[in-house]
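A short write-up of the structure that comes next.
Any read-out appearing in this document is the output of simple, stated calculations on the displayed coordinates, not a laboratory observation. Just so we're clear, the structure is a prediction, and the values are computed from it rather than from any experiment. Glycine gets a Cβ as well: all are built from the backbone with ideal geometry, and neighbour counts include every protein chain shown.
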Amino acid sequence: MQARIVYDTVAPEGAKAMWTLENYVRHCGLEPSLLELVKFRASQINGCAYCIDMHSKDARAHGETEQRLYALSAWRETPFFTDRERAALAWTEAVTEVAHSHVPDEVYELARQHFSEKELVDLTLAVVVINGWNRLAISFRKVPGTYQPAHQ
């Protein structure tokens, strides 16, 4: 696989705007482990190999277990996730697949049981930014395998 365009070099101001949102999400107060699950799950849905590689490494660096990472695509059928994580994963899937799901009321009600209004907006921004990164990486064929997480 070869990259089509190195988008952050070609459009550095666009990449900077994405990083501004990414940095907000990283510091919004949601648990880093939860954010990594959200990023990993959205990347699985979108089929983004680069981001799956990145967020599996970042999740491990934040202490995530192999068992939970392997089971993430089948999270509904496992006992490995908390109710808050389940609500976040359901929200992530609905927002990522918004064209098909239109984010059903029952998913919203579940999310509201576990997240304040601000947390739910922040969670949605996390889904928005990972979906944006996925679309950039997939469209321009960002090559997976080279990413290394920063020391935690």
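Isolated cysteines of the chain, defined as having no other cysteine beta carbon under 4.7 Å away, are Cys28. For the pair region 1-47 and region 101-150, the centres of their Cα atoms are 9 angstrom apart. Placing +1 on the Cβ of every Lys and Arg and -1 on the Cβ of every Asp and Glu, with nothing else charged, gives region 7-139 a dipole about its Cα centre of roughly 220 debye.
Applying a DSSP loop filter and a limit of 13 other Cβ atoms within 10 Å to the trypsin sites (Lys or Arg not before Pro) in region 1-88 leaves Arg4. Plainly put, region 7-139 has a radius of gyration that is 0.95 times its Kirkwood radius, both from alpha-carbon atoms, as the Rg/Rh ratio. For the chain, the relative contact order is 41 percent, taking Cα pairs closer than 8 Å that sit 6 or more residues apart in sequence and dividing their mean separation by the residue count.
Farthest towards the positive end of the charge dipole of the chain, among the residues Leu21, Ser101, Ala150, is the Cα of Ala150, using unit charges on the Cβ of Lys, Arg, Asp and Glu. Relative to the current alpha-carbon distance between Thr65 and Val143, full extension at 0.36 nm per residue lengthens the span by 25.6 nm. Taking θ as phi - 60° and the Karplus parameters 6.51, -1.76 and 1.60, the scalar couplings of region 66-81 work out to 4, 4, 5, 5, 5, 8, 4, 5, 10, 4, 5, 9, 10, x, 7, 10 Hz in sequence order, x denoting glycine and proline. Modelled spin labels at Met18 and Val98, positioned 7 Å past Cα toward Cβ, are 1.7 nm from each other. Taking the Cα atoms only, what angle lies between the long axis of helix 32-46 and the longest principal axis of the chain, rounded to 10 degrees? Tilt relative to the chain: about 70 degrees. Between Val38, Ala59, Ala87, whose Cα lies farthest towards the positive end of the dipole of region 9-105 when Lys and Arg beta carbons carry +1 and Asp and Glu beta carbons carry -1, centred on the Cα centre? So the residue we want is Ala59. Using the Cα coordinates of region 1-74, the gyration tensor eigenvalues translate into equivalent-ellipsoid semi-axes of 24, 17, 9 Å, sorted from longest to shortest.
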